Amino acid sequence: MIKLTELFSEESLQDWRARLAKHPEANLLQSPEWAHVNAIKGAKVFYLPFEKDDFALAILRTARRGRYLEVPAGPIINW
């Protein structure tokens, strides 16, 4: 089961940074800094921790066709 965790609680940021350090392929679009930029612009941002060290940054977007979650350059998963 996937649990949506709204940023920026200290616990979720520590977990996120720990998971990010284990994935050298992760880039800026899955970083807490990118989440912060989107939050400043007014977007609702979520951290999605999966099993073990897998995770995703999800940004709630609103378009004419409805609302959707954007996962830029992700999710970060050990395939």
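The values are calculated or read from the model by the stated rules, or taken from the named source; none is laboratory data. Computed from a predicted structure; not experimentally measured. Glycine also receives a Cβ, built like all others from the backbone with ideal geometry; neighbour counts cover every protein chain displayed. Ligands, DNA and RNA are stripped out before the accessible areas are found, and what is left, the full protein with its side chains, is counted by its heavy atoms. Shrake-Rupley method; radii C 1.70, N 1.55, O 1.52, S 1.80 Å.
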Margin query: How much accessible area per residue does the chain have, counting only protein heavy atoms and a probe of 1.4 Å, in square angstrom?
Written below: 68 Å²
Check: For region 11-28, what does the Karplus curve 6.51 cos²θ - 1.76 cosθ + 1.60, with θ = phi - 60°, yield as ³J(HN,Hα) per residue in whole Hz, taken in order and with x for Gly and Pro?
Finding: 5, 5, 5, 5, 4, 4, 5, 5, 5, 4, 5, 8, 10, x, 7, 5, 10, 4
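Using 0.36 nm times the number of residues separating residue 17 and residue 43, minus their current alpha carbon distance, what extension gain do you get? Kindly include the intermediate steps, with their values, before the conclusion.
Values: separation 26, 0.36 × 26 = 9.36 nm, distance 2.08 nm.
That pair, residue 17 and residue 43, stretches by 7.3 nm at full extension.
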Note to self: Report the gain in length on full extension from residue 69 to residue 33: 0.36 nm times residue separation, minus Cα-Cα distance, nm rounded to one decimal.
What the structure shows: 11.1 nm
Check: Given DSSP loops and a limit of at most 15 other Cβ atoms within 10 Å, what is the longest stretch of the chain that contains no such GluC sites (Glu not before Pro)?
Finding: 52-79
Note to self: Within region 34-79, what whole-number % of the accessible surface is contributed by carbon and sulfur, with the 1.4 Å probe and all protein chains included in the calculation?
What the structure shows: 52 percent
